[in-house]
Amino acid sequence: AMVDELSGGRIGYVYVPNTSYEGNRELFRGMYAYHHKDALIIDERFNGGGFIPDRMIELLSRETHAHWYRAGLTHPMRTPAVAHDGPKAMLINQYSSSGGDALPYFFRQKELGTIIGTRTWGGLVGMTGNARLMDGGYIGAPRFGIYNDKGEWIIEGIGVSPDIEVIDYPHLLSRGQDPSVEKAVEILLRELELNPPKTWPVPVQPDRSGWIEIEIP
């Protein structure tokens with residue numbers, strides 16, 4: 001409601017609580033609801049992680065390939081049906097962890113938009129495959145980490161830094177304000193002013209009457 005009011009209805013807002021089942025569900029629901037908006041805010045503050053968010057980034061990376069005119073429809077169809085071509089911003093904070101570290105990292109890697117907030121937790125390391133003890137206990141030892149194409153370890157112990165640092169001070173939040181959301185709306189409205197949404201003009205219906213000549217005996 002805040003984003004809708006501040007942007008005059010031009011910007012959609014999607015909160016992604018984790019990169020597990022709930023987070024994927026919320027992102028897909030949000031994209032279906034708001035992919036027609038001029039811009040999008042993806043809020044992953046307090047993201048608790050889960051799966052590696054490659055499918056989530058694929059969804060956010062979708063662009064329109066073509067439009068289809070169909071007689072009788074008010075609006076043309078497009079391929080893919082759910083895609084967003086406008087500017088985006090992602091909100092992060094120090095509680096965005098694990099998959100919540102990877103999501104903004106991939107978001108930046110794909111150059112999808114501006115990252116706003118505070119540096120993420122920096123805990124992207126895997127403990128999968130540790131054996132359980134006979135008494136039912138468990139030893140959580142790191143067994144795998146993440147690195148980039150330069151052969152450098154990334155994210156673990158470092159996190160992902162924002163493009164624009166914004167601190168959500170508690171006294172402001174208690175007043176009903178949200179500094180990160182307010183900054184994201186400001187940035188996106190400025191981007192929309194500099195680069196207005198692209199429109200796809202509908203071509204004039206082709207005249208096919210002279211395409212084929214048929215000789216009737």
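How large is the convex hull of the Cα atoms of the stretch 62-197 per residue, expressed in Å³ as a whole number? Don't skip to the answer; put the middle values down first.
Numbers: hull volume 31.1 nm³, N = 136.
With only Cα atoms used, the stretch 62-197 gives 229 Å³ per residue.
Using a 10 Å cut-off on Cβ atoms, rank the peptides 102-114, 84-96 from the highest mean neighbour count down.
With the highest mean Cβ count within 10 Å placed first, the list reads 84-96, 102-114.
For the chain, what number of Lys pairs, 8 or more residues apart or on separate chains, have alpha-carbon atoms under 22 Å from each other?
10
Find the accessible area per residue for the chain; the probe is 1.4 Å, ligands and nucleic acids are left out, and the unit is Å².
So the chain comes to 64 Å² accessible per residue, rounded to a whole number.
Taking only Cα atoms of the stretch 84-126, what ratio of Rg to Rh do you get with Rh as the Kirkwood inverse-distance radius?
My calculation puts Rg/Rh at 1.00.
Might you report the magnitude of the Cβ-based charge dipole of the stretch 26-144 about its Cα centre, with Lys and Arg at +1 and Asp and Glu at -1, to the nearest 20 debye?
Its charge dipole is roughly 120 debye.
Ranked highest first by average number of other Cβ atoms within 10 Å, how do 184-191, 202-209, 152-159 line up? Present the calculation step by step, with values, prior to reporting the outcome.
On the way: 184-191: 20.4, 202-209: 7.4, 152-159: 15.1.
With the highest mean Cβ count within 10 Å placed first, the list reads 184-191, 152-159, 202-209.
Give me the percent of the accessible area of the stretch 70-217 that comes from carbon and sulfur atoms, probe 1.4 Å, all protein chains in place.
Whole-percent figure for carbon plus sulfur exposure: 56.
Can you give me the angle between helix 99-109 and the longest principal axis of the chain, using Cα atoms only, in degrees from 0 to 90, rounded to the nearest 10?
Relative to the chain, helix 99-109 is tipped by roughly 50 degrees.
The values are calculated or read from the model by the stated rules, or taken from the named source; none is laboratory data. None of the values given here were measured: they were computed from a predicted structure. For neighbour counting, all protein chains shown are included, and Cβ atoms are generated from backbone atoms with ideal geometry for every residue, glycine included. To get the accessible areas, we keep the full protein, side chains included, count just its heavy atoms, and leave off ligands, DNA and RNA. Shrake-Rupley method; radii C 1.70, N 1.55, O 1.52, S 1.80 Å.
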